[in-house]
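Nothing in this text is a laboratory measurement; each read-out follows from the coordinates by a stated rule. What you are looking at is a predicted structure, and each value in this text was computed from that prediction instead of being measured. Reconstructed Cβ throughout: ideal geometry from the backbone, glycine too, with neighbour counts over all protein chains shown.
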Amino acid sequence: MTMAKPVLEVENVSMQFNLSKEKVDNLKEYIIKSLRGQISYNEFWALSDVSFSLNKGDRLGILGMNGAGKSTLLKVIAGVLKATKGSVKTRGKIVPLLELGAGFDKQYTGAENIYLYGSVLGYSKTFINEKYDEIVEFSELGDFINVPIKNYSSGMKARLGFAIATVVDPEILILDEVLAVGDAKFRKKSEAKIQSMFDKGVTVLFVSHSLKQVKRICNKAMILDHGKLLSFGDIEPISKQYRQMLDA
Amino acid sequence: MSVFIKNFMRYRFLLVELIKKGVKLKYRRSYLGIIWTLLEPLLTTIVLTVIFGSLLNRGDSTAYPVYILSGRLLYSFFSSGTNTSMKSIRTNAGMIKKVYVPKYMYPLSSVIYNYVIFLISLLVLAAVSVFLGVFPTWRIFIIVIPLFILLILTVGVGMILSTMAVFFRDLEYLWSVALMLIMYSSAIFYYVEDITRNSPNKEILFHANPLYCCIAVFRDALFGQPIEWGLCLYAAGFSVISLIVGVVLFYKKQDKFILYI
Ligand SMILES: Nc1ncnc2c1ncn2[C@@H]1O[C@H](COP(=O)(O)OP(=O)(O)O)[C@@H](O)[C@H]1O
Ligand SMILES: [Mg+2]
């Protein structure tokens, strides 16, 4: 039996935020205050010393209260935030489904935004050309694809964002409280799409407030508490422990 | 280094898309679109020629409008290039907070798309020059040197400003004041000789300004005059240093951007 290399390795990751007591955001104040030595920070660790690894096909549910550091951890893994300490190693393409369509330009049409957002996600032009029809069809925008995005409803934007982000087959899929896109019909379709990615063996990092949803989707889980990794393991024992924490 | 190149190649299409977006939206925003960007420098040149031509007794020279237009086009590229790249991190905060992209793409693409618009507007300059009888000599080929130096200078200054603007919100106002000083010491609508004739020691005010040096060398090449290589060398040195400072500063601070935008 050969051990597969982990798809994701998170090693001793810590993330520090400086919460300045008063925000100094202009040059004038900064110069005056630093001359007087008045600039001070409250150091705050949103993540401390978190380590774990996932193999291909693992689906990890991340549990924890509000402010426990779940979104911060996902952003560090996605490369949006740089960890203060520690390292993250990933193999393969990561698709973060966080606030879909955040990279859209309002003055651009849907069609133009497919190319823009696609390039933001690191797709090549040839790839987008190939997948263009598939994206338009999945988003169900029809003729609206040639209308500037500023005339779209939020549901339409989310549909287009979802269609662009999921047109690749990623190795790692990041879902932060997003399994509620668009209307009921589109939600079914997007859940089916995500399910088909699961079937292809994608590795998933999943944050949801619904423990039921986590149990349905995930095979592993972790509990974060004030930035510390309390426990990590198979879904059954961890979700039991989390329920006890909630009841206590 | 090889990691950097690999990452650049992976995201080069993003750079192209961002440049395209800047140019497209610039032309889409106004009804007259491309016509307006060609017409606007022409109109201001006419106004400036009429006003300053009579004030400075230069109105009789047919080269004077070409002199003004060339200075104005180079200055307005520097001004819009540095301004858009200064604001680029904040403008794209929405994207930066949600997906990983190499962040230097934003200031870099801002400068390049302004450069593309600037190169298009040079067509007006060519037309006006020929119309007024300023014909190119072999020296016209030298024009690519100040054009290239100007690009490097604007990227360098733009990187420095884009980094600082993340942390200091008042930088935009400070820079608009600085730009005004730069404009007045760039000799756009007057001749440096007219000023230094009576006080030769004032020459340093102009020669210290790398933008003036670019403009001066550009005009030398345009009018077929001997090139002031000293100014050219100074501008080149200044641009390379500002580029190095800009890149180093940006790389040192970029991981902190997200905490401030
Ligand atoms: N950019 C930031 N600057 C300062 N503090 C932050 C920033 N982002 C998150 N935090 C803090 O880090 C902690 C963890 O936040 P987050 O990861 O969003 O929690 P969760 O997603 O688990 O609810 C919170 O206390 C939050 O206030
Ligand atoms: Mg969160």
Within the stretch B:188-256, which trypsin sites (Lys or Arg not before Pro) sit in a loop by DSSP and count at most 13 neighbouring Cβ atoms inside 10 Å? B:ARG197
Using only the Cα atoms of the stretch B:76-120, build the gyration tensor, take square roots of its eigenvalues as a ≥ b ≥ c, and label the shape rounded, prolate or oblate: rounded if a/c is under 1.5, else prolate if a/b is larger than b/c, else oblate. prolate
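With r as the distance between the Cβ atoms of B:ALA178 and B:LEU43 and R0 = 22 Å, compute the FRET efficiency 1/(1 + (r/R0)^6) and round to 0.05.
Numbers: r = 27 Å, r/R0 = 1.21.
According to the calculation, E is roughly 0.25.
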Would you calculate the separation in nanometres between label points at A:SER87 and B:THR91, each defined as 7 Å from the Cα along the Cα-to-beta-carbon direction? 3.7 nm
Can you sort B:SER30, A:SER124 from fewest to most other Cβ atoms within 10 Å of each residue's own Cβ? B:SER30, A:SER124
Between the stretch B:173-246 and the stretch A:158-179, how many Å separate their Cα centres? 51 Å
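Go ahead and estimate [θ] at 222 nm for chain A from helices alone: -39,500 (n - 2.57) per DSSP H run with n ≥ 4, summed, over the residue count, rounded to 500.
On the way: 8 runs with 93 residues, N = 248.
Result for chain A, helices only: -11500 deg cm²/dmol.
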If R0 is 41 Å, what FRET efficiency do you get for A:ASP169 and A:SER231 from their C-beta distance, rounded to 0.05? 0.85
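Which loop GluC sites (Glu not before Pro) in the stretch B:176-261, with loop taken from DSSP, have no more than 16 other Cβ atoms within 10 angstrom of their Cβ?
Working: sites: B:GLU193, B:GLU203, B:GLU228; in loops: B:GLU228.
When the GluC sites (Glu not before Pro) of the stretch B:176-261 are filtered for loop state and at most 16 Cβ neighbours within 10 Å, B:GLU228 remain.
To the nearest 0.05, what FRET efficiency results for A:LYS150 and B:LYS252 with a Förster distance of 35 Å applied to their C-beta separation?
On the way: r = 37 Å, r/R0 = 1.05.
Rounded to the nearest 0.05, the efficiency is 0.40.
Rounded, prolate or oblate: which one fits chain B, using the alpha carbon gyration tensor with axes a ≥ b ≥ c (rounded when a/c is under 1.5, else prolate when a/b beats b/c, else oblate)?
Numbers: a/c = 1.94, a/b = 1.66, b/c = 1.17.
It is prolate, given that a/c is not under 1.5 and a/b is the larger ratio.
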Label chain A by shape, choosing from rounded, prolate and oblate, from the square roots a ≥ b ≥ c of the eigenvalues of the Cα gyration tensor; if a/c is under 1.5 it is rounded, and otherwise prolate applies when a/b is larger than b/c, oblate when it is not. oblate
Hey, if you put +1 on the Cβ of every Lys and Arg and -1 on every Asp and Glu Cβ in the protein assembly as shown, which of B:TYR113, B:LEU222, A:ILE31 ends up farthest toward the positive end of that dipole? A:ILE31
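The stretch A:34-100: which trypsin sites (Lys or Arg not before Pro) are DSSP loop and have at most 16 other beta-carbon atoms within 10 angstrom?
A:LYS56, A:LYS82, A:ARG91, A:LYS93
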